[in-house]
1. Any residue in region 185-214 that's surrounded by fewer than 17 Cβ atoms within 10 Å (Cβ to Cβ) and of a type in the set (D, E, K, R): show its pairings with residues that are part of a helix (DSSP H, G or I) and modelled with pLDDT of 95 or more at Cβ separation under 8 Å, as long as the two are six or more apart or on different chains.
2. What do you reckon, is residue 94 of a type in the set (S, T, N, Q), touching a helix residue (DSSP H, G or I) at 6+ places or on another chain (Cβ under 9 Å) and assigned to a helix (DSSP H, G or I)?
3. Considering only residues of region 159-184 that are in contact (Cβ under 8 Å) with a residue 12 or more places away in the chain and in a loop (DSSP other than H, G, I, E, B), which is nearest to residue 65 (Cα to Cα)?
4. Out of the residues in region 37-58 that are small (Gly, Ala, Ser) and at negative phi, which is surrounded by the most Cβ atoms within 10 Å (Cβ to Cβ)?
5. For region 55-91, which positions are of a type in the set (D, E, K, R) and assigned to a helix (DSSP H, G or I)?
6. Any idea which of (1) under 29 Å from residue 48 (Cβ atoms); (2) in contact (Cβ under 8 Å) with a residue 24 or more places away in the chain; (3) in a helix (DSSP H, G or I) is the one residue 109 doesn't satisfy?
7. Return the residue satisfying two criteria in turn: it lies in region 187-214 and is charged (D, E, K, R) and over 27 Å from residue 135 (Cα atoms), and of such residues it is modelled with the highest pLDDT.
8. Consider residue 30 against the criteria (1) assigned to a helix (DSSP H, G or I); (2) modelled with pLDDT under 95: it satisfies all of them except one. Which criterion is unmet?
Amino acid sequence: MTPTRHFSPLDRLLIEAQHALGTSLGRARAERPNPAGTLPDLQLDEPERRHAAGLMRINHTGEVCAQALYVGQAAVARDEATRAQLEHAAQEETDHLAWCADRLDELRSRPSVFNPLFYAGSYAIGLAAGLRGDGWNLGFVVETERQVEAHLEEHLAHLPPGDERSRAILRTMKADEARHADEALASGARTLPEPIPRLMALSSRVMKALAYRG
C-alpha cells in the first residue's frame with residue numbers, strides 16, 4: 001500500500017503556483033478524445049472565422065476560470081468527499097480547456113491575454129466560497145455550472161452554420177457541466193442567496209466581453 005504523502009504549506013504553495021501558470025499560460029492535455037473527432041473542418045469566411053474564434057476564446061477562458069475556481073474551493077474543502085468531487089470536476093474541465101485550445105489552433109487564433117488575471121480572480125473567489133463551508137462550496141458549483149450551461153447554449157446558437165467541430169466540443173462540455181451541477185446538488189449544495197448569482201453573471205459578462213476581443 002502506498003503511504004499518503006503529506007505536503008508542507010510551502011509545497012502546497014508551489015504546487016498551486018505551478019498549476020496557475022500551467023493553466024493560464026501553458027497547454028493542457030486532455031484525458032478524453034476530442035469530441036470533434038474526424039468531423040470535417042469546413043472552410044469559414046474571414047468574419048465567420050473571427051467570430052468562431054472569439055466564441056471559442058471565451059470558452060477557453062471560462063475553463064481557465066473553472067480550473068481556478070475548483071482548485072481554490074478544493075484547497076479549503078472540509079470534507080474529503082467534497083474535495084475529491086471538486087478535483088474530479090477540475091480534471092474534466094482540463095479536458096475542456098485542451099479541446100478549446102485545439103479548436104483555437106484550427107481557427108488560427110490564440111487564448112486570451114487576460115487569462116492570468118481571470119485565473120487569479122477566480123481562485124480568490126473559490127477560496128472565499130470554500131471557506132463558507134462545503135454546502136456553500138457546492139452551491140457555488142451549481143450556480144457556476146448553470147450559468148456556463150446557459151452561455152454554451154447561446155454559443156451553440158451563434159456559431160457559424162458550418163462550424164460543426166466547435167459545436168461538437170461545446171455539446172460535450174454542456175453535458176459535463178450539467179452533470180457537475182447535478183452531482184453537487186445531490187451532495188448537499190445550498191442555494192446561493194442574492195445578490196451572489198447576479199454578481200456572478202455580471203463578472204461573467206465582463207469576462208466574455210474581454211475574452212472575445214483578445
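The values are calculated or read from the model by the stated rules, or taken from the named source; none is laboratory data. Keep in mind that this is a model prediction, so the values were computed, not measured. When we count neighbours, we look across all protein chains shown, and the Cβ atoms used for this are built from the backbone with ideal geometry, even at glycine.
1. If the second residue must be part of a helix (DSSP H, G or I) and modelled with pLDDT of 95 or more, the pairs left are 213/54.
2. So residue 94 fits the description; yes.
3. Once the filter is applied, the top-ranked residue is 159.
4. Selected residue: 52.
5. Scanning region 55-91 gives 57, 63, 80, 83, 87.
6. (3)
7. Among them, the one singled out is 208.
8. (1)
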